[in-house]
1. For a quick check of your reading of the model, give me the residue pairs whose first member lies in the range 331-345 and is touching a residue at least 24 places away in the same chain (Cβ under 8 Å), whose second is hydroxyl-bearing (Ser, Thr, Tyr) and assigned to a helix (DSSP H, G or I), with beta-carbon atoms closer than 7 Å and at least 6 apart or on different chains.
2. When you go through (1) of a type outside the set (Val, Ile, Thr); (2) over 30 Å from the mean Cα position of the chain (by Cα); (3) in a loop (DSSP other than H, G, I, E, B) one by one for Ala130, which number turns out not to apply?
3. Please verify whether the range 344-367 includes one or more residues that are closer than 26 Å to Pro262 by Cβ, among the β-branched types (Val, Ile, Thr), in a loop (DSSP other than H, G, I, E, B) and assigned by TED's automatic domain parsing to the domain that holds Leu470.
4. Search the range 367-418 for residues being within 22 Å of His461 (Cβ to Cβ) and among the acidic types (Asp, Glu), and hand back the single one that is modelled with the lowest pLDDT.
5. Within the range 87-107, restricting attention to residues that are in contact with a Leu (Cβ under 9 Å, 6 or more places away or on another chain), part of a helix (DSSP H, G or I) and not small (Gly, Ala, Ser), which residue is surrounded by the fewest Cβ atoms within 10 Å (Cβ to Cβ)?
6. Going by the structure shown, is Trp246 in contact with a Gly (Cβ under 8 Å, 6 or more places away or on another chain), among the aromatic types (Phe, Trp, Tyr), at pLDDT 90 or above and not assigned by TED's automatic domain parsing to the domain that holds Cys466?
7. Under the condition of being touching a helix residue (DSSP H, G or I) at 6+ places or on another chain (Cβ under 9 Å), modelled with pLDDT of 70 or more and surrounded by fewer than 16 Cβ atoms within 10 Å (Cβ to Cβ), which residue from the range 455-498 is farthest from Ile337 (Cα to Cα)?
Amino acid sequence: MSQVGEVQHLDILLRGAADDLFNKYDLREWDEVFFDGPAGTGKTLATLLWIHTSAIEFPGANILIARKTRDSMTGSCLRTFEEQVLSCDLPDGPRIMAGRDRSQRESYQYPNGTRVTIGGIADVERVKSAEYDIIYVNEVTEAMQKDYEYLTTRLRKSTKRKNACPYKVLISDANPSYPTHYINERFSDKCNLPSRRLRLLSKHEDNPMLWDKVHRCWTDDDHGGGLTYIRKLDSTTGAHNKRMRWGLWVGEEGQVYDEFDPAYHVIRAADVPPILYYVGAYDPSPSSRNASVMQMWGIDDDERAYMVAEAHMVGKGIDWWGEQAIRFYHKYRPRQIVCDPSNPGMIELFNNRIGARYGNVSQRIAIKANNDQAAGIAQVKSALTREMHLKSCGEDCQRSDRHGKARMYFVDGALTEYDHEKDKDGKRRPRCTPDELLQLVWKQTKDGQQTRDEWDPTIPHDGADCARYLAMFNERRGLGTRRAKTKNPHPPGSPGFAMWETKTGRYSPKESNGTRRIA
């Protein structure tokens with residue numbers, strides 16, 4: 001047994017990440033702490049216990065406990081706080097809980113002057129101009145990124161009263177969500193933000209109520225216990241099982257593009273091979289809540305596509321998108337911009353704006369995309385799958401390091417334009433195409449079955465639409481027609497001229513009679 005802090009009446013057994021929170025790390029050295037792990041590992045209880053001991057140890061501390069909405073706290077973290085922490089601390093616990101009912105309570109007042117405020121993050125006005133020593137966000141995956149970041153600015157030394165609390169830390173906990181969720185990225189090794197961040201990973205064996213460490217087995221009794229709870233988690237399927245049972249950050253259940261793996265398909269800019277030419281894609285959103293998207297894709301010698309730039313914006317007018325098309329064209333000189341065919345006005349606008357700026361060479365740069373959704377989904381899924389051979393491989397192909405790769409990649413940092421207006425309805429919207437690919441699920445029928453030929457239209461998918469347009473364009477027959485738009489820079493008849501023609505696919509290999517035919 002380990003007695004925690006100065007609370008002599010609470011005899012709490014700490015294991016794993018919970019023990020690290022109390023005994024391994026000094027939270028004065030950290031700005032943000034994220035308690036991560038599957039369901040039922042004791043993350044919330046450990047964090048609330050740490051908050052309670054800190055509230056007692058540092059008189060006059062100002063602490064905030066928050067979740068997305070105030071109503072969601074009554075039966076979750078506040079119930080745990082009162083029944084498993086405060087009620088066990090005699091005699092101070094009952095006095096701290098005195099007053100309003102749990103559902104109506106706004107704060108807990110400690111005898112030593114510490115105040116623990118309760119609030120919903122959705123009501124951000126309540127915390128404006130407030131000053132806190134410790135902020136705890138329960139189930140942080142529910143909170144929007146802008147609200148989380150705003151809470152970090154509320155950690156500062158109080159100008160109104162003095163207290164001895166040395167902490168200025170934001171602690172959060174959550175069960176796993178999809179891999180590109182902002183909180184997962186914020187505490188990943190790739191994050192280059194300057195704040196000092198600590199990630200604690202918990203597991204079911206850390207919870208003494210579930211795991212008997214002495215006998216090395218799950219606990220069980222007449223009221224359930226670890227064996228019963230783990231059996232229930234093991235009976236779940238798909239993404240829910242991976243998240244709640246094993247603590248993995250995976251995509252949604254029934255994911256359309258289940259071939260998409262951010263760890264593989266999202267690459268560094270330095271890993272992009274030489275680009276042969278560029279193709280743009282554009283899809284406008286008819287909804288004011290969702291983003292319109294413009295992308296720029298680089299195509300290499302093997303017809304693999306790399307998304308090198310993306311604008312993901314809400315509420316921008318046609319003039320803004322016209323200027324965005326000019327900026328992308330100026331930087332990348334795409335051969336085509338494939339656009340949503342249902343909006344011919346924007347296609348004409350792009351052609352007129354780019355043509356007026358750069359002359360006839362760019363006339364008709366924007367074209368209608370193939371909008372066959374079922375075929376486009378199949379093409380993207382195929383492009384995300386690792387191929388054992390290239391499209392140009394013959395029967396006697398010898399595999400090389402160019403084999404075994406996918407044909408569609410996304411460059412980390414490709415997002416050039418993004419705003420948070422898409423979050424104003426209280427739900428975090430996808431901020432880039434990889435986000436959309438992870439969240440897109442198949443449309444369900446009335447009996448709950450998935451159609452497998454159409455995705456859920458309520459989920460934002462404009463970036464995924466652009467990927468469809470690109471995949472259909474890149475896979476269509478007659479690649480030589482597209483490549484022929486670029487003029488051979490070498491004099492006709494020279495060795496360089498023939499090598500360039502062969503490399504760009506304008507001519508096929510020699511026939512048996514020694515002649516060449518146009519591809």
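1. Close Cβ pairs (under 7 Å, with a partner that is hydroxyl-bearing (Ser, Thr, Tyr) and assigned to a helix (DSSP H, G or I)) amount to Val338/Tyr469.
2. It is condition (2) that Ala130 fails.
3. No, there is no match, as no residue in the range 344-367 is closer than 26 Å to Pro262 by Cβ, among the β-branched types (Val, Ile, Thr), in a loop (DSSP other than H, G, I, E, B) and assigned by TED's automatic domain parsing to the domain that holds Leu470.
4. Looking at the filtered set, the residue picked out is Glu417.
5. Taking the range 87-107 first, the residues in contact with a Leu (Cβ under 9 Å, 6 or more places away or on another chain) are 88-89, 92-94, 96-97, 102-103, 105.
Filter once more, so that each one left must be part of a helix (DSSP H, G or I): 92-94, 96-97.
Filter again for not small (Gly, Ala, Ser), leaving 92, 94, 96-97.
On the way: Asp92: 16, Pro94: 12, Ile96: 22, Met97: 17.
For the range 87-107, the residue satisfying everything is Pro94.
6. No; evaluated as a whole, the condition is false for this residue.
7. Pro491
This table checks each residue for (1) outside any loop (DSSP other than H, G, I, E, B); (2) without any contact (Cβ under 8 Å) to a residue 12 or more places away in the chain; (3) among the β-branched types (Val, Ile, Thr).
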{"site": "Leu193", "(1), (2), (3)": "no, yes, no"}
{"site": "Leu200", "(1), (2), (3)": "yes, no, no"}
{"site": "Ile230", "(1), (2), (3)": "yes, no, yes"}
{"site": "Ala239", "(1), (2), (3)": "yes, no, no"}
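The values are calculated or read from the model by the stated rules, or taken from the named source; none is laboratory data. The structure displayed is predicted, hence computed values, not measured ones. Cβ: placed from backbone, ideal geometry, glycine included. Neighbour counts: every protein chain shown.
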